[in-house]
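One structure below.
The values are calculated or read from the model by the stated rules, or taken from the named source; none is laboratory data. Predicted, not measured: the structure shown is a model, and the values here were computed from it. Virtual Cβ from ideal backbone geometry, glycine too; neighbours counted across all protein chains shown. These accessible areas exclude ligands, DNA and RNA; they are computed on the full protein's heavy atoms, side chains included. Shrake-Rupley method; radii C 1.70, N 1.55, O 1.52, S 1.80 Å.
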Amino acid sequence: MTPLLRIEDLIVEGRPPSGIWIETVHKCSVDVNAGEVVALIGESGAGKTTVALASLGYTRPGTRFANGSKVFLEGQDILTMSARDRRDMRGREVAYVAQSAQASLNPAIPIGDQIAESLILHNMGNKTDARKRAIELLDLLDLPDPETLAHRYPHQTSGGQQQRIMMAMALACNPKLLVLDEPTTALDVTTQIEVLKAIKDVIRDRDTAAIYVSHDLSVVAQVADRILVMNNGDVVEEGTTDVILNHAKQEYTRTLLGAVKPKPTRETALSDWNPTAEQTPIMTVRDVDATYERQRMFQTTDREQYVLHDIELDVYPREVLAVVGESGSGKSTLARVMAGLHPALNGAVTMDDDTLPIHARKRTKEQLRRIQIIFQSPDQSLNPEKRIDDAIGRPLELYFGMKGSEKQDRIAELLDMVGLDGDYAGRFPAELSGGERQRVSIARAFAAEPDVILCDEVLSALDTVVAARVLELMKELREKHKVAYVFISHDLSTVASIADRVAVMYAGRIIDTGLTKEVFAPPHHPYTQLLINSVPALRQGWLEEVIGSREAAAGMRSNVMLHDLPCPFRKRCPVMIEGKCDSEPAPRREMGHKHVVYCQHTEQELMKAQDHV
């Protein structure tokens, strides 16, 4: 059978500042048949995306295809096409789904118009027909109320919805091949299931071929027919999904398999820390509400528009407090309120009984120094026009007045502390890998010598091997510098390996909190159970099993509700009590060992409901 896509002896060259072209991908060959999903896996920099983009006849700026490279789509060499023919092919024959939908979608254009644009550009319908097709695609991908959604802007949708909107854009012209570039990497576990289900359904129903780029073997196991393992621009191993997962031959492949984290349980929770009665929090959050609605004089905000509700939180010295939950649960908003980047509507944030102003600009220099934040994406938090020494040097100047050689020596110390050579100081962010940029962000946070660091999804964009190294670094730095972390994440397996305590957030509320060992073991909130069950397993067939479970079925049947009363999880809960959960606020229940759950069910009822897990 002739493959739909054939890549033969692909060589891609890059041109560093030295001006000498060097190979980054070495004679790579890939076949993709119609209706087949081929996964490209490996660490950051392995060449996965470079090879995948070749199927569109595209190379990144500063790179080129070397002579002898061939890319055939249905027998036609893409690389010898004219630029006009390649443009016409992209979107119509081969479509691309990027990793970050938020960065890829145009914030100023309604969703329906963005999906319709490809149809209009390729002369596949007029504006009316294209918009109708856009609504059909939104419905196909199980997005709620497609007609209303088509008139919304990207910022008015969740991360999972944005990723499915990108899928709708890619499918608009019925392409024969999809290039999926880490489409679920930055998503929470429940949203990831929905997106994976949508991908599998579309590929099955339309007999579409796909190249799936990922570093997550647990995810790849659910969608791929074959796997190519890449390292440093070479394909080091190739085989069916079953062979790679269960009979890998190469040591590098086994390293990737070994980096897959287990499902979070009491046994995988590593911390034995437990605050004593004598210990006092270094930071507290009390009765905090927040909203994104603009505040107007003489007007009050409806509680249904709150994004944080009555948040109570303690952070102890040197502990790791994890805040987990789905996208849109309020995790990052809480971090921004604590940092003074978003004002609280009500309540207070304190440091050592010192109430902090709600706006960072009104906090003293010392108050600012004590709380630092590391953002999810170093690409967006590091200024691309400034060198690394400028990024790390600014807090040294601001908080300690360092200049000249004293500042440069301290920058070198901080770079060494995060495992980077001193010559990185003179580089720009674009010259660093994703893991290296995140290490720079960590060094910048530690430059202020803070008491609390807010870590907002700091590992979510990194591959499993690099993320494991950064996580170990953060553990070492916490012990050495006696700093507390508020570790915001949707990766429960990582949380189990680093956190002392966990707070589970849903719809702007903390609904389950306690020691990590207690929260990750029954009885816990039904929502916590949904999150745990949604962590992918490293085996084929897991996705179909979890979709058929009562927790997942209930969890996917409704969207998050931000209503104040009653329980916001009730329409997604597999054990909802009619007449209670829909009419009364969830009471606080002590589960023992400082574990608190907000639920109508008693400890015994929750244990009985979860004993099948």
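Among the residues of the stretch 192-205, those that are open to solvent by 20 Å² or more (accessible area, probe 1.4 Å) and under 21 Å from the mean Cα position of the chain (by Cα) comprise Glu194, Lys197, Lys200. Here the condition is being over 19 Å from Glu457 (Cα atoms) and either in contact (Cβ under 8 Å) with a residue 24 or more places away in the chain or surrounded by fewer than 22 Cβ atoms within 10 Å (Cβ to Cβ) (or both); of Ala186, Ala221, it holds for Ala221 alone.
Only one entry of Gly68, Gly42 meets the criterion of being over 30 Å from Asp207 (Cα atoms), touching a strand residue (DSSP E or B) at 6+ places or on another chain (Cβ under 6 Å) and of a type in the set (Gly, Ala, Ser), and that entry is Gly68.
Taken over the stretch 149-183, residues that are open to solvent by 20 Å² or more (accessible area, probe 1.4 Å) and under 24 Å from Gly45 (Cα atoms) amount to 0. Among what's in the stretch 502-547 and is hydroxyl-bearing (Ser, Thr, Tyr) and not in a loop (DSSP other than H, G, I, E, B), pick the residue that is farthest from Val320 (Cα to Cα). Only one residue fits best here, namely Tyr527.
On inspection, Leu178 qualifies as under 23 Å from Thr50 (Cβ atoms), assigned to a strand (DSSP E or B) and touching a residue at least 24 places away in the same chain (Cβ under 8 Å).
Residue check: Ala39 meets all listed conditions (1) crowded, with 18+ Cβ neighbours inside 10 Å; (2) at pLDDT below 95 but one, namely (2). Scanning the stretch 69-86 for residues that are of a type in the set (Gly, Ala, Ser) and open to solvent by 50 Å² or more (accessible area, probe 1.4 Å) returns Gly75, Ser82, Ala83.
Across the stretch 299-334, the number of residues qualifying as at pLDDT 95 or above and of a type in the set (Gly, Ala, Ser) comes to 1.
Taking the stretch 124-142 as the range and being touching a residue at least 24 places away in the same chain (Cβ under 8 Å) and assigned to a loop (DSSP other than H, G, I, E, B) as the test, the residues that pass are Met124, Leu141, Asp142.
Could you check how many residues of the stretch 408-439 are more than 16 Å from Glu476 (Cα to Cα), under 26 Å from the mean Cα position of the chain (by Cα) and either without any contact (Cβ under 8 Å) to a residue 12 or more places away in the chain or surrounded by 16 or more Cβ atoms within 10 Å (Cβ to Cβ) (or both)? Looking only at that region, the number is 7. Of the residues making up the stretch 353-408, those that are farther than 17 Å from Gly340 by Cα, in a helix (DSSP H, G or I) and acidic (Asp, Glu) are Asp379, Asp389, Asp390, Glu397, Glu406. Selection of the stretch 587-601 for residues being part of a loop (DSSP other than H, G, I, E, B) and at pLDDT below 90 yields His593, Lys594. Thr208 meets the conditions (1) open to solvent by 10 Å² or more (accessible area, probe 1.4 Å); (2) more than 28 Å from Thr516 (Cα to Cα); (3) over 20 Å from the mean Cα position of the chain (by Cα) in every case but one. The failed one is (1). Only residues that are touching a strand residue (DSSP E or B) at 6+ places or on another chain (Cβ under 8 Å) and either closer than 26 Å to Asp216 by Cα or part of a helix (DSSP H, G or I) (or both) were counted in the stretch 478-500, giving 12. Report yes if Asp142 is within 23 Å of the chain's Cα centre (by Cα), at pLDDT below 85, open to solvent by 20 Å² or more (accessible area, probe 1.4 Å) and of a type in the set (D, E, K, R), otherwise no. Answer is yes for this residue.
So in the stretch 532-580, with the set limited to residues that are open to solvent by 50 Å² or more (accessible area, probe 1.4 Å) and polar (S, T, N, Q), which one is modelled with the lowest pLDDT? The qualifying residue modelled with the lowest pLDDT is Asn559.
Exactly one residue among Asp272, Asp242, Asp287 is in a loop (DSSP other than H, G, I, E, B) and among the acidic types (Asp, Glu), and that residue is Asp272. Consider Ser460 carefully, then state whether it is in contact (Cβ under 8 Å) with a residue 24 or more places away in the chain, among the polar types (S, T, N, Q) and open to solvent by 10 Å² or more (accessible area, probe 1.4 Å). The answer is yes for Ser460.
With respect to the conditions (1) open to solvent by 20 Å² or more (accessible area, probe 1.4 Å); (2) more than 26 Å from His490 (Cα to Cα); (3) in contact with a strand residue (DSSP E or B) (Cβ under 8 Å, 6 or more places away or on another chain), His359 falls short on a single one, namely (3).
The sole residue among Leu228, Leu245 that is closer than 24 Å to Lys176 by Cα and more than 23 Å from the chain's Cα centre (by Cα) is Leu228. Taking the criterion of being of a type in the set (S, T, N, Q) and open to solvent by 80 Å² or more (accessible area, probe 1.4 Å), the residues of the stretch 245-265 that qualify are Asn246, Gln250. Considering (1) of a type in the set (Asp, Glu); (2) open to solvent by 60 Å² or more (accessible area, probe 1.4 Å); (3) farther than 30 Å from His155 by Cβ, say which one Asp31 fails and leave the rest. Failed condition: (2). Scanning the stretch 468-501 for residues that are closer than 22 Å to Ala391 by Cβ and within 12 Å of the chain's Cα centre (by Cα) turns up just one, Ile488. Tell me which residues, restricted to the stretch 113-125, are over 17 Å from Met167 (Cα atoms) and either open to solvent by 90 Å² or more (accessible area, probe 1.4 Å) or touching a Ser or Thr at 6+ places or on another chain (Cβ under 9 Å) (or both). Within the stretch 113-125, Leu121, Asn123, Met124 qualify.
In the stretch 447-454 there is no residue matching the filter, namely being surrounded by 15 or more Cβ atoms within 10 Å (Cβ to Cβ), modelled with pLDDT under 95, at negative phi and in a helix (DSSP H, G or I).
Taken as a whole, the condition of being over 23 Å from Val546 (Cα atoms), touching a residue at least 12 places away in the same chain (Cβ under 8 Å), of a type in the set (A, V, I, L, M) and outside any helix (DSSP H, G or I) applies to Met230. From the residues in the stretch 502-519 that are open to solvent by less than 10 Å² (accessible area, probe 1.4 Å) and closer than 13 Å to Val596 by Cα, which one is farthest from the chain's Cα centre (by Cα)? Ranking the candidates gives Gly514 first.
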